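**Student:** Mind looking over this structure? Questions follow.
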Amino acid sequence: MTPEAPGHAGGDALHFSVLTLFPELLRPFTQEALLGRAAANGLLKFDLHDLREHAGNRWRKVDDTPYGGGAGMVIRVDVVERALAALPSTPDEVILLTPAGQRFDQRLAEELAGRQHIALLCGRYEGFDARVEGLVTREVSIGDYVMMGGEAAAACIMEAVGRLRPGVIGDEESWRADSYSSGLLDYPEYTRPAEWQGHGVPQVLMGGNHAAITRWRRDRALERTLARRPDLLPGAGLTPEDSSALLTLGVDADALAGHGAPPPPTPKRKRTRRPKTPQEPV
Ligand code: 6GU
C-alpha cells in the first residue's frame with residue numbers, strides 16, 4: 001500500500017506526544033527511517049515536549065526532595081499537570097512509563113494502535129510524585145529490568161504501535177508481522193549464497209514445492225517456539241497439523257493448552273562472588 005493521497009494525509013494520523021526531560025534523545029527516532037517517513041507522509045505525528053518548560057520557576061527545576069526523607073528527588077505533579085494541559089490537543093491515552101507498570105506486549109500495542117493521540121510521560125533518574133496516577137490512563141513497563149529513564153521505552157512503544165497503522169510499513173513486512181501475530185516465533189529465512197562457510201540452505205527451500213515449504217516453515221516456527229518460548233504455545237491457535245508436528249517433537253499440545261502458560265525460560269546464572277580485594281604486597 002502506498003501511503004500518500006495528499007488530500008487524505010494528516011487527517012487520521014496517530015499522534016504521539018512525548019513529555020520528557022530529554023526531548024533531543026527522541027528527536028532522531030521520530031525523524032529517521034520508517035517512523036520519519038510515516039511522519040513525513042502524515043500517517044503519524046510526533047511532538048516532543050521538555051518538562052522543564054513547565055517548571056514554573058526560572059531555574060527550570062522540576063523536582064524536589066521526597067516527603068518523609070530519603071535519597072533521590074521526585075518530579076512534581078504540578079509540573080506534569082501543566083505539561084499535559086499545554087499539549088496541542090487532549091490525548092485519549094496518557095501513559096506513564098515506569099518499570100512498575102503493566103507489561104507492554106503485542107496485544108497492548110494493537111489496542112493502542114486504535115487511539116488518536118497518545119501522550120507518553122518519561123521519567124528519568126527519579127520517580128514521579130505518586131499523585132500523577134490521577135493524570136494518566138495507565139502505567140506501562142517494557143520488561144523486567146530497570147533502565148535509567150522512560151525514553152527508550154517511549155521509542156519502543158512508538159515503533160510497535162506506529163507500525164500497526166495502515167501504510168506505515170510495506171506489505172512485505174506486514175505479512176511477516178502476521179506470522180508473529182499468529183502467536184509463534186518466526187521461522188528461519190535464508191538467501192544467497194546457497195553455500196556459506198560450509199553451511200548450506202535446507203533442501204526443501206531450494207525446490208518449488210510450495211505446500212512442502214509452507215509446512216516446513218510452520219514446523220520450524222513450532223520447533224523454535226517450543227525451544228525458546230514454550231509459554232507462547234497455548235495461545236498460538238494451533239491446528240491439528242500443528243499438534244501432530246508437536247507430537248513428533250515429544251509434546252502433547254492438548255496437555256499444553258490445558259495448563260496455564262508456564263513462565264518464559266529464565267537463563268540460569270551462577271551467583272558470582274565479588275572478587276576479593278587484591279592482597280597488598282607485604
Ligand atoms: Cl518504562 N522505565 C524504566 N526506567 N525502566 C524500565 C521501563 C520503563 N520498562 C522496563 N524497565
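**Student:** Would you say Ile75 is within 22 Å of Ile169 (Cα to Cα) and within 16 Å of the ligand (Cβ to nearest atom)?
**Tutor:** No, not satisfied.
**Student:** Among the residues of the stretch 155-163, are any open to solvent by 40 Å² or more (accessible area, probe 1.4 Å) and more than 16 Å from the ligand (Cβ to nearest atom)?
**Tutor:** yes
**Student:** Any residue that is touching an Asp or Glu at 6+ places or on another chain (Cβ under 8 Å), in contact (Cβ under 8 Å) with a residue 60 or more places away in the chain and closer than 13 Å to Ala154 by Cβ - is there at least one of those in the stretch 32-50?
**Tutor:** Yes, there is a match, as at least one residue in the stretch 32-50 is touching an Asp or Glu at 6+ places or on another chain (Cβ under 8 Å), in contact (Cβ under 8 Å) with a residue 60 or more places away in the chain and closer than 13 Å to Ala154 by Cβ.
**Student:** Out of all the residues in the stretch 113-128, is one or more in a helix (DSSP H, G or I), more than 9 Å from the ligand (Cβ to nearest atom), open to solvent by 20 Å² or more (accessible area, probe 1.4 Å) and among the basic types (Lys, Arg)?
**Tutor:** Within the stretch 113-128, not a single residue is in a helix (DSSP H, G or I), more than 9 Å from the ligand (Cβ to nearest atom), open to solvent by 20 Å² or more (accessible area, probe 1.4 Å) and among the basic types (Lys, Arg).
Quick grid of which residues meet (1) buried (at least 19 other Cβ atoms within 10 Å of the Cβ); (2) at pLDDT below 95:
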{"residue": "His8", "(1), (2)": "no, yes"}
{"residue": "Leu14", "(1), (2)": "yes, no"}
{"residue": "Gly36", "(1), (2)": "no, no"}
{"residue": "Lys45", "(1), (2)": "no, no"}
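The values are calculated or read from the model by the stated rules, or taken from the named source; none is laboratory data. Model, not experiment: these values are computed from the prediction. Note: ideal-geometry Cβ built from the backbone for every residue, glycine included; neighbour counts use all protein chains shown. Surface accessibility is based on the protein's heavy atoms, side chains included, excluding ligands, DNA and RNA. Shrake-Rupley method; radii C 1.70, N 1.55, O 1.52, S 1.80 Å.
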